[in-house]
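Student: Just passing along the structure, written as C-alpha cells.
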Amino acid sequence: MGRAFVYVILGGGVAAGYAALEFSKRGIHHGELCIISEESVAPYERPALSKGYLLPEAPARLPSFHTCIGAGEKRLTLKWYKEHGIELILGTKVKSADVNRKTLITSNGETISYKILIVATGARALKLEEFGVRGSDAENVCYLRNLNDANRLVDVMKTFTGGNAVVIGGGYIGMECAAALVTNRIKVTMVFPEAHCMARLFTPKIADFYEDYYESKGVNFIKGTVLTSFENDSEGKVTAVILRDGTRVPTDMVVVGIGIRANTSLFENQLTLEKGGIKVNTRMQTSNTSIYAVGDVASFPVKLFSSDIRRLEHVDSARKTARHAVSAIMNPNSTGDFDYLPFFYSRVFTLSWQFYGDNVGDVVHYGDFSSGRFGAYWVNKGRMIGAFLEGGTKEEYEAIAKAVKLKMTVKDMGEFERQGIEFALKG
Ligand code: FAD
C-alpha cells in the first residue's frame, strides 16, 4: 500500500506547524501536503509543556496551544488542517527513508512518496542509560519532551504533592521543571555536574541570581556531581538517588533533563550531517536537493557568526527555519539567504529573560541584580555580539535584539558597562 504527495513534512512538532501555515499562505492545492507524526495530536507549541501545562491551577491544555499561536498567528487545529486539505498522518512513526527512491516507510508498513521532503523530526531526550545509569524506566522517573511525557509528569506530581523531588540536570528543562514542581508544592533538590545552572549560557554572576532566587523558594542545589544509581522499593519505585560521592538523597520522584539528541538516524549515510544535525544551506536545503531540514534537527549557517554552522535547540529557530524552507521551496527566486539572529528565552516563577546572539568574548554585566532588572553583553573584537536581559520591557528586548543584529561597536568598555541598557536603547 502507498500514497504519494508533492510535499511531505516528516515530524509533527513546532517546525511542522509553522511550515504548514507558510504552505497555506503561499498557496497549495488540497491533497498536495501531508505531515507524518509519531505524536497523536496536531503540532503544538512544545515550550508550553514545561510552563502553562504544569501549572497547578487552570493549566494549559490542547487545543489552546496548537501552533502557530506562539508567534501570534492562527491556531492550527485539526479542523484547520482538514479545511486546508492538509493530510495529518498522526500516531505514525516513519521507520525508514530512501532518499534515492524518495520514499518513507511508516510503522504500519505504508510507503509514502514525496517530490519534496521537509525533515522536521526534532530531537529526543537523552536517557540516563546513555550515561551508564540504569533504572530510568521506573514509574516515578520522568523525562519531558512530548505530550505523553508531560501527562505522566502531571500524574506523578499529583501523586506526590507535599513530597520531594530530585531534578537531574541544570539546563532549561531542569530549571523550568524545578520551578513547576515548587509551584505544585513539591520540595526540590537539583543535581548537576557543572559549577552553576544553565552553564551553556549563564555567566556565574547571572547563575547566582537565579540560584539565589530558587533557594528562596526552597530549592536545594547539589552542584559539581552526578547521579550514579537509584535505590528502589520492592515495587521498583525509586526511593532515593545515589550520587558519585555516595551521598544518598531520598526522594518521591525524579525528573531528568540531561540534554537532547537530534533525530537524524533515518538519514545517516544518506544526507550530510554536521554538529549533530542534518547540514543545510542558507535555503534549508540538505545535501539532497529534494530534501530540506528545519528546527532542532537542522544545522545551518548563521550569517551573523560568519556563517558558522550551528544547530539550535530553540523554538524561535524552529519557527523561522520552517517558514524559510517553505519560502525557498515555493518561491525560490524571491527567497534570499536565511539571516537569523539566534534568540532564546525562558520564563520561571515570575522571572523572564531573553538572550540574543552568541555568548562568546568578554562579558559585561549591567543593571541592578538585587531588583531583578539586569543583563549582560558579550563583546568580541570590539563589537557587541550577545545580549541577555532579565525583567526587561518589550522596548528593551527589541533594543538589545537590534543592537546585536547590528553588532554595535563598543569603544570604551567602562562607559559601555556604565550605560547598560541605555547603550542598546540609544541605538
Ligand atoms: P519538535 O517540536 O521536537 O518536533 C519533532 C516532531 O517529530 C515530534 O512530533 C516527533 O514525534 C516527530 N518525529 C520524530 N521522529 C519521527 C519519526 N521517525 N516519525 C514520525 N515522527 C517523528 N525553546 C525555547 O526557545 N524556549 C523555551 O522556553 C523552550 N521550552 C521548551 C520546553 C520543553 C518541555 C521542551 C521539550 C522544549 C522547549 N524548547 C524551548 C525547545 C523547543 O520546543 C524546540 O526547539 C522545538 O520544539 C523544535 O521544534 P521541531 O519541530 O524541530 O521539533
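No lab work stands behind these numbers, since they all come straight from the coordinates. Quick caveat, the model's predicted, so the values are computed rather than measured. All Cβ positions, glycine included, derive from the backbone under ideal geometry; neighbour counts span all protein chains shown.
Student: FRET efficiency for residue 149 and residue 333, Cβ-Cβ distance as r, R0 = 56 Å, nearest 0.05? Intermediate results must be reported in sequence, preceding the final value.
Tutor: On the way: r = 42 Å, r/R0 = 0.76.
FRET efficiency, residue 149 to residue 333: 0.85.
Student: Hey, for a label at residue 345 modelled as a point 7 Å past Cα toward Cβ, could you say which residues of segment 35-54 have their backbone N under 20 Å away?
Tutor: 44-54
Student: To continue, here is another question. Express the Stokes-Einstein translational diffusion coefficient of segment 251-410 in µm² s⁻¹, to the nearest whole number, given a Kirkwood radius over alpha-carbon pairs, 4 °C and a viscosity of 1.567 mPa s.
Tutor: Details: Rh = 17.4 Å.
The calculation lands on 74 µm²/s.
Student: Right, something else. Please name which of 184, 67, 143 has its Cα lying farthest along the dipole of the chain towards the positive end, using unit charges on Cβ (Lys, Arg +1; Asp, Glu -1) and the Cα centre as origin.
Tutor: Farthest towards the positive pole: 67.
Student: Taking a cut-off of 24 Å between Cα atoms, list the lysines near residue 407, but don't count ones fewer than 8 places away on the same chain.
Tutor: Of all the lysines, those that pass the test against residue 407 - Cα under 24 Å, at least 8 places apart if same chain - are 205, 303, 320, 381, 394, 426.
Student: Net charge near residue 239: determine it from the other residues with C-beta under 11 Å of the C-beta of residue 239, scoring Lys and Arg +1 and Asp and Glu -1.
Tutor: On the way: positive: 237, 248; negative: 231, 233, 235, 252.
Net charge around residue 239: -2.
Student: With a cap of 16 neighbouring Cβ atoms within 10 Å, and only residues DSSP puts in a loop, list the GluC sites (Glu not before Pro) found in segment 119-148.
Tutor: Working: sites: 129, 130, 139; in loops: 139.
Those that pass, being in a loop and sparsely packed, are 139.
Student: What FRET efficiency would be calculated for the residue pair residue 29, residue 93, taking the C-beta separation as r and a Förster radius of 22 Å, to the nearest 0.05?
Tutor: Details: r = 27 Å, r/R0 = 1.24.
In this case the efficiency is close to 0.20.
Student: Now for a separate question. For segment 101-178, what number results from the quotient of the Cα radius of gyration and 2.2 N^0.38 Å?
Tutor: 1.53
Student: Rg(Cα) of the chain divided by 2.2 N^0.38 Å?
Tutor: Computed over Cα atoms of the chain, the ratio equals 1.02.
Student: So how far apart, in nm, are the two label points at residue 62 and residue 394 if each is 7 Å from Cα heading toward Cβ?
Tutor: 3.0
Student: Still on this structure, please answer the following. Give me, ordered by chain and number, the residues 5 or more places off residue 274 or on other chains with an amide H under 5 Å from its own placed amide H.
Tutor: It is 279, by chain and number.
Student: Got a sec to turn the phi values of segment 280-293 into Karplus ³J(HN,Hα) couplings, 6.51 cos²θ - 1.76 cosθ + 1.60 with θ = phi - 60°, whole Hz, x for Gly and Pro?
Tutor: 10, 8, 6, 10, 6, 8, 7, 5, 10, 5, 8, 10, 10, 9
Student: When the gyration tensor of segment 325-372 is built from Cα positions, what are the square roots of 5 times its three eigenvalues, in whole Å, from largest to smallest?
Tutor: Numbers: eigenvalues 256, 49, 10 Å².
Equivalent-ellipsoid dimensions as semi-axes: 36, 16, 7 Å.
Student: Counting pairs of alpha carbon atoms under 8 Å apart in space and at least six apart in sequence, what relative contact order in percent does segment 354-401 give?
Tutor: Working: 87 pairs, mean separation 18.6, N = 48.
Worked out over segment 354-401, it gives 39 percent.
Student: Could you give the spread of the C-alpha atoms of segment 216-344 along their three principal axes, from largest to smallest, in whole angstroms?
Tutor: Projected onto its principal axes, the Cα set of segment 216-344 covers 63, 38, 23 Å.
Student: Sorted by mean Cβ packing within 10 Å, highest first, what order do the peptides 267-273, 171-177 take?
Tutor: Values: 267-273: 15.1, 171-177: 23.4.
For the peptides 267-273, 171-177, the packing ranking is 171-177, 267-273.
Student: Testing the spin-label approximation: label points 7 Å from Cα along Cα→Cβ at residue 74 and residue 242. State their distance in nm.
Tutor: Roughly 5.7 nm, to one decimal.
Student: Moving to a separate point now. Along each principal axis of its Cα atoms, how long is segment 317-427 end to end? Whole angstroms, biggest number first, please.
Tutor: 50, 37, 23
Student: Among the trypsin sites (Lys or Arg not before Pro) within segment 319-427, which fall in a DSSP loop and have no more than 16 other Cβ atoms within 10 Å of their own Cβ? Please report the intermediate quantities before stating the final value.
Tutor: Values: sites: 319, 320, 323, 347, 373, 381, 383, 394, 402, 405, 407, 411, 418, 426; in loops: 381, 407, 411.
Here the trypsin sites (Lys or Arg not before Pro) that fit, given the DSSP loop and packing criteria, are 381, 407, 411.
Student: Checking the cross-link filter: which lysines have an alpha carbon closer than 19 Å to that of residue 93, excluding same-chain neighbours under 8 positions apart?
Tutor: Answer for residue 93, where 19 Å is the Cα cut-off: 102, listed by chain and number.
Student: Would you be so kind as to identify all helices of the chain, as entire DSSP H runs, whose Cα atoms reach 24 Å or more along the helix's own axis and whose mean Kyte-Doolittle hydropathy is at least 1.0? The partial results should precede the final answer.
Tutor: Numbers: long enough: none.
For the chain, where a helix must reach 24 Å along its axis and average at least 1.0, there are no hits.
Student: For the residue pair residue 131 and residue 305, what label-to-label distance in nm results when each label sits 7 Å from Cα along the Cα-to-beta-carbon direction?
Tutor: For residue 131 paired with residue 305, the spin-label model returns 2.3 nm.
Student: Show that you can apply the helix-only estimate: for the chain, add -39,500 (n - 2.57) for every DSSP H stretch of four or more residues, divide by all residues, and state [θ] at 222 nm to the nearest 500. Kindly include the intermediate steps, with their values, before the conclusion.
Tutor: Details: 9 runs with 98 residues, N = 427.
For the chain, the value works out to -7000 deg cm²/dmol.
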